[in-house]
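Here the structure comes first, spelled out in structure tokens, and everything after it is commentary.
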Amino acid sequence: MAAAVETSPVLEILVREPDGYSIWNGPPFKNNNQPGIKLEKVPCNNAKYSEDGSRIMVTKTDSAIGIYDSNTLKEIRCFQIPNVVASALSPCGAYLQTFQKSTTPQEKNVVLWSIETGDPVYEQFQKNMTKATWPLIRFSSDEAVACRLATNEIQFFDAADFSKGISHRLRVPGVAAVELSRAPGSHVAAFVPESKGSPASVQIYACAKELQSQPLARRSFFRCSTVQLHWNHGSTGLLVVVQSDVDKTNQSYYGESKLHYLTTDGAFEGLVPLRKEGPIHDVQWSYSGKEFAVVYGFMPASATVFDKKCKPVHELGSGPYNTVRWNPKGKLLCLAGFGNLPGDMAFWDIIDKKQLGTTRAECSVTSEWSADGCYFMTATTAPRLQVDNCVKIFNYNGSLLFKKMFNKLFQADWKPESPDKFGEIAELIKSVGSVKIEETKSLGQGSTTKKPASANPPAQKPAAYRPPHAKNAAAVQAELFGGSSTGEMSKNALKNKKKREKQKEKKAAEAAAASGAT
């Protein structure tokens, strides 16, 4: 295991500002807790890693797109494509897909380019493009399977040779959205919206032509405007978040949502049993694909971990949360409340079923674990927020490790790496801890090194509210009796106080003597 840790890849972070992007060496940081710079700032309009992290797509201008090797940072190929509206890399970085503005159907505006040769391998006309339909051609994570959504059908291709054209078609009348399973690309989910009184449905089909005669699983539902489809690793389970624009119970202004679960073997088709009413805020599969976590319900939201049989195995309590991020190593999980929530975060050990720590990252726009599972990064970015842009990196238990402010920040992303390239999370945490101890010893001599201040100090308890007239009254009283408004008494005030006490004692003695004489 120690050998696996020694040969693990170095973490890297891509940071993009208005004048370009740069690449940092990730934690643990060695020089005064500051990241090393692997690549100095390079001008660009956009930059993005491929899914496997092997290549970087850099949009230099409106017509120039460069593809770079993420290890050597050398340019592999540059494409000159005018009027590009959107672009995307395939998961392994073998293909570049572009969408251009088009005026006539004769002009094929969706092009799939081979990065190795620089030639187009597939072209298609697409009238418009939305977030749900882009990229037009979907790949499995290993690029073994490719498909696209067409009118009333799903078209499949030979991903190794697009010159063969469409290999086979799967007819699904009314299909509006598809999601190809990623690892492996063995199944495809199709969403058909409501039509003429018929309910909406999600159906699962096998990708192989000979197995597509009937859907392997199907789930129908009414009151459905949009869906989110989430495949697990292993392609055995599908989570479906069904969203309706209108809540007929009038409990929510934002409509209602439900969470359905389907398995490719047909063992389960139904609603996920949630113990609280309200919206589905977030859902995420673990890297193993054997369990998933859900944040749901009216605030304070609840969080529950389910196994692949859809049975609850761990309750994570409730709080101001709307985000769940599962650690790539599977042992840890972060619950957070971003967006319109104050940014509370709770870090959990799912195996030992205990909370490791809590903290806060206000105004965070993006958040993600590092590939080794030891660090959690949040970023406040433009254009969502134009002020207080920053990057924060936390340890696995929520303690703040690093923070950097920016005048304007557009993007901060970890370089994707397979979690399998790193050791077990417990061994990694030990190795990181040993590095920190060595650095601390090198800073001082012997045991005289001062204990560093907490990077994430607890919030101070707010003072009780005092209205303005009360503050003025304290000041007037201080002037009259020689005291101060802070509660401390001056020498004159103490002297006057003693005189008043003696006068009271004298009057009390005189009153007692008079009563005894009578």
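The values are calculated or read from the model by the stated rules, or taken from the named source; none is laboratory data. Being a predicted model, the structure only gives us computed values, none of them experimental. Note that we place each Cβ from the backbone using ideal geometry, even for glycine, and neighbour counts take in every protein chain shown. To get the accessible areas, we keep the full protein, side chains included, count just its heavy atoms, and leave off ligands, DNA and RNA. Shrake-Rupley method; radii C 1.70, N 1.55, O 1.52, S 1.80 Å.
Here are some residues: Gly343, Gly339. Which one is farther than 19 Å from Val305 by Cβ, surrounded by fewer than 17 Cβ atoms within 10 Å (Cβ to Cβ) and within 16 Å of the chain's Cα centre (by Cα)?
Gly339
On the basis of being of a type in the set (Gly, Ala, Ser), more than 24 Å from the chain's Cα centre (by Cα) and surrounded by 12 or more Cβ atoms within 10 Å (Cβ to Cβ), does Ser235 make the cut?
Criteria not met by Ser235.
Name the single residue that is surrounded by the fewest Cβ atoms within 10 Å (Cβ to Cβ) among those in the range 111-167 being among the β-branched types (Val, Ile, Thr), closer than 22 Å to Met57 by Cβ and within 33 Å of the chain's Cα centre (by Cα).
Going through the qualifying residues, I end up with Thr130.
All but one of (1) more than 26 Å from Ile393 (Cα to Cα); (2) open to solvent by less than 30 Å² (accessible area, probe 1.4 Å) hold for Cys44, so report the exception by its number.
For Cys44, the exception is condition (1).
Find all pairs meeting these conditions: Cβ atoms under 7 angstrom apart; at least six residues apart or on different chains; first residue within the range 305-317 and on the phi < 0 side of the Ramachandran plot and open to solvent by 30 Å² or more (accessible area, probe 1.4 Å); second residue outside any loop (DSSP other than H, G, I, E, B) and of a type in the set (A, V, I, L, M).
Asp307/Val313; Val313/Val305
Filtering the range 181-232 down to residues that are in a loop (DSSP other than H, G, I, E, B), under 29 Å from the mean Cα position of the chain (by Cα) and without any contact (Cβ under 8 Å) to a residue 40 or more places away in the chain, which residue is nearest to Phe139 (Cα to Cα)?
Going through the qualifying residues, I end up with Pro193.
Residue by residue, here is whether (1) without any contact (Cβ under 8 Å) to a residue 40 or more places away in the chain; (2) open to solvent by 10 Å² or more (accessible area, probe 1.4 Å); (3) under 29 Å from Thr59 (Cα atoms) holds:
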{"position": "Gly357", "(1), (2), (3)": "no, yes, no"}
{"position": "Cys374", "(1), (2), (3)": "no, no, no"}
{"position": "Val387", "(1), (2), (3)": "yes, yes, yes"}
{"position": "Leu400", "(1), (2), (3)": "no, yes, no"}
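Which of the residues spanning the range 64-92 are more than 29 Å from the chain's Cα centre (by Cα), surrounded by 12 or more Cβ atoms within 10 Å (Cβ to Cβ) and farther than 15 Å from Gly118 by Cβ?
If we filter the range 64-92 for residues that are more than 29 Å from the chain's Cα centre (by Cα), which is where we start, we get 64, 74-83.
Subsequent filtering for residues that are surrounded by 12 or more Cβ atoms within 10 Å (Cβ to Cβ) retains 64, 75-79, 81, 83.
Once the filter is applied, which keeps residues that are more than 29 Å from the chain's Cα centre (by Cα), surrounded by 12 or more Cβ atoms within 10 Å (Cβ to Cβ) and farther than 15 Å from Gly118 by Cβ, the range 64-92 yields only Asn83.
Take the residues in the range 2-41 that are acidic (Asp, Glu) and at pLDDT 85 or above, then tell me which one is surrounded by the most Cβ atoms within 10 Å (Cβ to Cβ).
Across the range 2-41, the extreme among qualifying residues is Glu12.
Could you check the range 104-155 and list, in sequence order, the residues that are out of contact with any Lys or Arg (no Cβ under 8 Å at 6 or more places or on another chain), among the β-branched types (Val, Ile, Thr), more than 20 Å from Gln203 (Cα to Cα) and part of a loop (DSSP other than H, G, I, E, B)?
Answer for the range 104-155, where residues must be out of contact with any Lys or Arg (no Cβ under 8 Å at 6 or more places or on another chain), among the β-branched types (Val, Ile, Thr), more than 20 Å from Gln203 (Cα to Cα) and part of a loop (DSSP other than H, G, I, E, B): Thr104, Thr117, Thr130.
Give, as residue ranges, the strands (runs of 3 or more DSSP E) completely inside the range 29-72 that count at least 2 residues that are without any contact (Cβ under 8 Å) to a residue 60 or more places away in the chain.
Output list reads 37-42, 55-59, 64-69.
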